[in-house]
Amino acid sequence: MSSIAKLQIGLCILFLGFISCDNETDEMPNMTGEMMEEMMEEEIDPCEKMFGIPNENTGLSSSFCNPSCECQTFESRTFTAEELATLKSWNLVNPFEEITTNPYDTAFVEGEEAVCAIKIENLADQLYSLATYSDQKAAEAAGAILTHHDACGLCSTLSDFEVYARDRDVGAAVRKCALDNFSSPFEDLLVCIEGLGFTRPCAQIWAYN
């Protein structure tokens, strides 16, 4: 199998990061078991469901979270060690800069509909660029490969996707870093999260969170 084919297989990650249900979310920090049960009993629009593969730590049933997305024809899947290694082997030619202030101090402003995609810049050297496009058609017209919907973010690199694909409960590992470095300097927490495989800008997002 060629490198390009392996990369395209790896890019089936689609939505595996922030909106998947593989990790506990900040949306339900104080929800009781009874509240969760009531929520699960509600009729949920298929297009409003969370997307991913639930594990025992999420408390989410298939009625709330599915491994496939009916509205976007996505299908969550597991990855082989070879596929994960392929994702990690590519290098981003336009890496994100480190953040210097807490992004959570600024109110979130929802942007226009967009998608994030990669474009292979040099196949032999396994170099790629990352860009936001207005929609999937625009990305494909530019010769780019869709990775996820919504604009590219600091955790949209292939290296960061590999972490999400490899560990379906990475939130637990991040929480352990937080507990282990509770009274330590911020840099110690950041180094711990980087050690999970995240790029530094992505690790900074997690650390500030």
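Below is a table of values for the structure above.
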| quantity | calculated |
| --- | --- |
| Selected from Ser159, Pro185, Ala142, residue furthest toward positive end of dipole (the stretch 114-189; charges at beta carbon) | Ala142 |
| Exposure of Arg166 as accessible area (Å², to 10), given a probe of 1.4 Å and all protein chains | 120 Å² |
| Protection-proxy order for peptides 124-134, 86-96, 179-189, each taking the mean of Cβ atoms within 10 Å per residue, highest first | 86-96, 124-134, 179-189 |
| Residue-by-residue Karplus 3J(HN,Hα) for the stretch 145-158, coefficients 6.51, -1.76, 1.60, Hz, glycine and proline x | 10, 4, 10, 7, 7, 6, 5, 5, x, 5, 9, 8, 6, 5 |
| Dipole magnitude of the stretch 121-209 about its Cα centre (Cβ charges: Lys, Arg +1; Asp, Glu -1), debye to nearest 20 | 200 debye |
| Vicinal HN-Hα couplings computed from phi for the stretch 175-182 (Karplus, 6.51 cos²θ - 1.76 cosθ + 1.60; Hz; Gly/Pro x) | 4, 5, 4, 5, 5, 5, 10, 4 |
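The values are calculated or read from the model by the stated rules, or taken from the named source; none is laboratory data. What you see is a predicted model; the values in this text were computed from it and never measured. Don't worry about glycine lacking a Cβ; one is built from the backbone with ideal geometry, like all the others, and counts go over all protein chains shown. Each accessible area value is taken on the protein alone, full model and side chains, heavy atoms only, with ligands, DNA and RNA left out. Shrake-Rupley method; radii C 1.70, N 1.55, O 1.52, S 1.80 Å.
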